[in-house]
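Quick note: the coordinates plus some simple rules give every number you see, no bench work behind them. Worth saying up front: this structure is predicted, and the values here are computed from it rather than measured. Cβ: placed from backbone, ideal geometry, glycine included. Neighbour counts: every protein chain shown.
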Amino acid sequence: MDVLFDGFVDAVELLLSGDEDSWTIIALTLRVSLTATAIALLVGLPLGAIVALARFPGRRVLLAAANTGMGMPPVVVGLFVTVLLWRSGPLGGLGLLYTPTAMIVAQAAIATPVVIALVAAALQQVDPDFRVQMQALGANRVRAFAALLGEARLPLFAGTMAAFGAVVSEVGAAQMVGGNLVGQTRVLTTAAVLATSRGQFSLAIAFGLILLLIAFGVNLSLTLVQQQRAVPR
Amino acid sequence: MRAGDRELLSVPELDVASGRTLAVLGPNGAGKSTLLRALGLLSSHRVSGVILLDGRPATRPLMRHAITAVLQRPILRRGTVAANVISGLRFRGMSRREARLRAWPWMEALGLVPFADRDIRSLSIGEAQRVSITRALAVGPKVLLLDEPFTGLDSTTRADLIADLRAALSGQPTATILVTHDRQEALALAEDTALLIGGRIRQHGPTTEVLDHPSDADTARLLGYTNLLPPALTGRTHPLVARPEHTHLILDPSDGPAGQRDDDVRPVPGTLRRTVALGIATRVDVDTAGGPLTCLHPGDLPGTSLPPVGGDVRVRVRQARALAGVDGNGWTAGLGSRPSAS
């Protein structure tokens, strides 16, 4: 129990002390995971909408693939991204391995299937004639689609939170493509793994707590937006 | 209008004047909703032909501005009743305040003011459809498209909503197209009616005339003329059709054979198959040489006045209509073997 208690104390001290190394780790964690989530949304939202609304051969197979992707182990994604970015690999010339960019790419690859699958489910639960009805009230196609997104905002925000949760908590891909280089690619999860392996349990717990705090902060913001009145008076 | 190689709908011409209502009456699967969506340029199917709005070819932006539609299921947005009612006006770029001012008289006319701030999730299906109709009217559309909006409502709600809609539309310059399978709705709301069967318009004219003058077996069935009397049974040139409520057993043997009206038919002999008490009426099924007939007698028929099942009866048919477009030769009565007229 002492270890746990010390961990809490260390976490508070770490946060209050303004330790530069810790803040670098926190900032990088936020930057990598938020950017990866944003990219996953940019890619996944249109793809999820197409899978949900368009009719084409192979649509269900694509949806099944996205659903499978939701459970993809980050280590596997990390492995593929590492191979791609390896010096002798197809994208080795870019020199991205062991950089935050590589971590963003890997995490975006983890989050995109989550976004596609949950966007598709979110849009499909709205009445199939919803867009026709909106157009039949004077909305053009873009506004009708925007209205559809507004109608599905609760599950869409839930999907965004799930995507962020998947990347901020993963360690396998961040470790493999980032390399856990201090001051460069060390994020909270990899830092916690390292601290644990060195027996610095209270430090590891401190990182864990900060990670939880960040996840809570981001999700609280999203939840507040999600729960706003849908159609303002 | 086609989906792939399949022709869904073929309508040479259909016009609605502003201030008037056209009912498109048809059975399930006739293509009514498909037609309505095609007219509103809301369809995803391939449509060929022209849609004219005020005499000019309608483009999507023009049409979007001119029409509103009420679909069979009320599709409302999350939020309050008032927010939904103004949403058509908001799509047209109006400020929330202005839209509320414009929509308020419609909310009053349709009795929605007490519901204004209610969450739409707490509404009954009838209330939700009322919101959907008010939302469509609030825009003041040139063309109002109604896609079976009263289906699935209980009879009281339906009657109230039909009356309120009729009152709201009177004096408005809106051209309304109502698709429905219910001829009472057509009668209550529309000056003109077109009968759509199998993707084609079979009849088109003033509602009272169209509803009372079927031209072929399909339209007869649609209009409630479900009793079919082949020429062999009546001695007339053309097949006749009649409504069950105008078809009665002759219970008093002294009843004279001749009817009072030209469209009455000489009594038809047959055998009684069954009687079913329906509360407000009694249904009597009779088999004749020309096929089965259904009689509908108002109220309860005392069992003592009826012959036994299998006994001989005579049936009087009043207000029969001749299917002048159908050739009497080769006509075989019976539900499964009616000739399909075109």
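Determine, for each peptide in B:213-222, A:189-198, the mean count of other beta carbons within 10 angstrom over its residues, then list the peptides with the highest first. Please list the in-between numbers first.
Details: B:213-222: 21.5, A:189-198: 18.3.
Ranked by mean Cβ neighbours within 10 Å, highest first: B:213-222, A:189-198.
So what are the radius of gyration and Dmax for the Cα set of chain B, in Å?
Both quantities, over Cα of chain B: 23.9, 75 Å.
Give the calculated FRET efficiency between A:Thr196 and A:Val142 to the nearest 0.05, with a Förster radius of 51 Å applied to their Cβ-Cβ distance.
Given R0 = 51 Å and the Cβ-Cβ separation, E is 0.55.
Within 10 Å of each Cβ in A:211-218, how many Cβ atoms from other chains are there, averaged over the peptide? Display every interim value, and only then the final one.
Numbers: counts 0, 0, 0, 0, 0, 0, 0, 0.
Partner-chain Cβ atoms within 10 Å, mean over residues of A:211-218: 0.
How large is the convex hull of the C-alpha atoms of region B:194-311 per residue, in Å³? Provide the component values of the computation, followed by the final result.
Details: hull volume 15.8 nm³, N = 118.
Once divided by residue count, the hull of region B:194-311 is 134 Å³.
Using the beta-carbon distance between A:Ile50 and B:Asp252 and R0 = 60 Å, what value does 1/(1 + (r/R0)^6) give for FRET efficiency, to the nearest 0.05?
Details: r = 72 Å, r/R0 = 1.21.
Efficiency at R0 = 60 Å is approximately 0.25.
I need the peptides B:64-70, A:151-157 ranked by packing, meaning the mean over residues of other C-beta atoms within 10 angstrom, with the highest value on top. Mind dumping the intermediate values first?
On the way: B:64-70: 23.4, A:151-157: 20.0.
Highest-to-lowest ranking by the protection proxy: B:64-70, A:151-157.
Once phi is turned into ³J(HN,Hα) by the Karplus curve 6.51 cos²θ - 1.76 cosθ + 1.60 with θ = phi - 60°, what whole-Hz value does each residue of region B:222-236 show in order, with x for glycine and proline?
Those phi angles translate into 4, 8, x, 7, 8, 8, 10, 10, x, x, 4, 7, 10, x, 8 Hz.
May I ask you to order B:39-48, B:284-293 by the average number of other C-beta atoms within 10 Å around their residues, highest value first? Walk me through the numbers on the way to the answer.
Values: B:39-48: 16.5, B:284-293: 18.8.
Ranked from most to least packed, the peptides come out as B:284-293, B:39-48.
Under a point spin-label approximation (7 Å from Cα along Cα-to-Cβ), what is the A:Thr24-A:Asn67 distance to one decimal in nm?
Once both label points are built, they end up 4.5 nm from each other.
Rounded to whole Hz and in sequence order, give me ³J(HN,Hα) for region A:141-152 from the Karplus expression 6.51 cos²θ - 1.76 cosθ + 1.60, θ = phi - 60°, writing x for Gly and Pro.
4, 5, 5, 5, 5, 4, 5, 5, 4, x, 5, 9
Residue by residue, what Karplus-based ³J(HN,Hα) values in Hz, rounded to whole numbers, does region A:186-195 have, using 6.51, -1.76 and 1.60 with θ = phi - 60° and x for Gly and Pro?
Listing the rounded values in order: 7, 10, 4, 5, 5, 5, 5, 4, 4, 4 Hz.
Pick from B:Thr156, B:Thr237, B:Thr207: which residue has the top mean-square fluctuation in a GNM of chain B where Cα pairs under 10 Å get a spring?
B:Thr156
Averaged over A:124-136, how many beta carbons belonging to a partner chain fall within 10 Å of each residue's beta carbon?
Values: counts 0, 0, 3, 5, 1, 9, 4, 2, 9, 15, 5, 9, 18.
For this peptide, the per-residue mean of nearby foreign Cβ atoms is 6.
If amide hydrogens are placed 1.01 Å from N in the peptide plane, which non-local residues have theirs closer than 5 Å to the one on B:Arg202?
B:Leu195, B:Leu196, B:Ile197
Give me a single rounded figure for B:66-75: the average over its residues of other chain Cβ atoms within 10 Å of their Cβ.
Neighbouring Cβ atoms belonging to other protein chains average 4 per residue here.
Translational D (Stokes-Einstein, µm²/s) of chain A at 10 °C and 1.306 mPa s when Rh comes from the Kirkwood sum over C-alpha pairs? Let's see the in-between values first.
On the way: Rh = 19.3 Å.
Estimated via Stokes-Einstein, D reaches 82 µm²/s.
Note down the magnitude of the dipole of the protein assembly as shown about its Cα centre, charges +1 on Lys and Arg C-beta and -1 on Asp and Glu C-beta and zero elsewhere, to the nearest 20 debye. All intermediate terms of the calculation are to be shown ahead of the outcome.
Values: 54 positive and 45 negative charges, 238 e Å.
Roughly 1140 debye, rounded to the nearest 20.
Return the Cα extents of the protein assembly as shown along principal axes one, two and three, sorted largest first, each rounded to a whole Å.
112, 52, 50
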